[in-house]
1. Of Val3, Val64, which residue is without any contact (Cβ under 8 Å) to a residue 60 or more places away in the chain and farther than 26 Å from Met172 by Cβ?
2. Going by the structure shown, is Trp90 touching an Asp or Glu at 6+ places or on another chain (Cβ under 8 Å) and not polar (S, T, N, Q)?
3. Looking at (1) within 14 Å of the ligand (Cβ to nearest atom); (2) closer than 20 Å to Ala68 by Cβ; (3) surrounded by fewer than 16 Cβ atoms within 10 Å (Cβ to Cβ), can you tell me which one Lys127 breaks?
4. Quick one: which of Asp118, Asp134, Asp113, Asp56 is of a type in the set (D, E, K, R) and more than 20 Å from Phe168 (Cα to Cα)?
5. Quick check: is even one residue across segment 19-41 more than 13 Å from the ligand (Cβ to nearest atom), more than 13 Å from the chain's Cα centre (by Cα) and assigned to a helix (DSSP H, G or I)?
6. Out of everything in segment 28-53 that is in contact with a strand residue (DSSP E or B) (Cβ under 7 Å, 6 or more places away or on another chain) and charged (D, E, K, R), what residue ends up being farthest from Met172 (Cα to Cα)?
7. It is to be established whether one or more residues within segment 109-122 are over 24 Å from Gln85 (Cβ atoms), aliphatic (A, V, I, L, M), crowded, with 16+ Cβ neighbours inside 10 Å and modelled with pLDDT of 95 or more.
8. Kindly establish whether Ala68 is more than 10 Å from the ligand (Cβ to nearest atom) and touching a strand residue (DSSP E or B) at 6+ places or on another chain (Cβ under 7 Å).
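The values are calculated or read from the model by the stated rules, or taken from the named source; none is laboratory data. Because the structure is a prediction, the values reported are computed rather than measured. Neighbour counts are summed over all protein chains in view; Cβ atoms, including those assigned to glycine, are modelled from backbone coordinates with ideal geometry.
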Amino acid sequence: MIVLFFYALFLMMFLAGLLWILIPAFYGLPSIPTKPERIRKALKLVNLQPDEVLYDLGAGNGRVLLIAAREFGARAVGIEVGPVQCALIWLRAVAGGFGDRIKIRWEDYLKSDLSEADVVFIYATSKEVMKSADHLKNQMKKGSRLVSISADFPAWEPSAFDDRDLIFVYEMPPKRGNLGTYMLKNAK
Ligand SMILES: C[S@@+](CC[C@H](N)C(=O)[O-])C[C@H]1O[C@@H](n2cnc3c(N)ncnc32)[C@H](O)[C@@H]1O
């Protein structure tokens, strides 16, 4: 009986691990979390305020949502295609006492309604960022902000940029331009 229990447990963990890796891979974006210090820097650069609504597109292990809710007092919504990631985020939010401030949606962010967001956070490859640009432009409300880690939106001019940690902030609707036009304007 005990052997059977451990066998079932091992099988479930193996399947969960497989889903954790395979589903993000299918969507072209692996589950690699951003370092906490980089998240804090990004949320400061985008000026996240208490009670603002932050969306994390591809929420992974929920780290961004927890930092946004716990340290910035924001309401955080994760959009995530991985069911195991969604379950983990829900557990972490409830266990951390943030069940009412953190929500998770099992969805493809390229099809998600983002109209409620004050701030959108994205950590993706250049290819995925380019794929999401039209959807973000159509969905994000006027005056909302977008913060991107590592990859910039090549047709938009950032309103803030951190060159050490490669963090790009954009105001909606996006301004035509690019990082070069931003650098020229801000050259000392
Ligand atoms: C690079 S991780 C980022 C995790 C988290 N945002 C962070 O910065 O720590 C990308 C996550 O996006 C998820 N993902 C990939 N494509 C997606 C899509 N189209 N819609 C929703 N989630 C997606 C993956 O499952 C993965 O967990």
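1. Every option except Val3 fails the conditions.
2. Criteria not met by Trp90.
3. Condition not satisfied by Lys127: (2).
4. Asp113
5. No, every residue in segment 19-41 fails to be more than 13 Å from the ligand (Cβ to nearest atom), more than 13 Å from the chain's Cα centre (by Cα) and assigned to a helix (DSSP H, G or I).
6. The residue in question is Arg38.
7. No: segment 109-122 contains no residue that is over 24 Å from Gln85 (Cβ atoms), aliphatic (A, V, I, L, M), crowded, with 16+ Cβ neighbours inside 10 Å and modelled with pLDDT of 95 or more.
8. So Ala68 passes the test.
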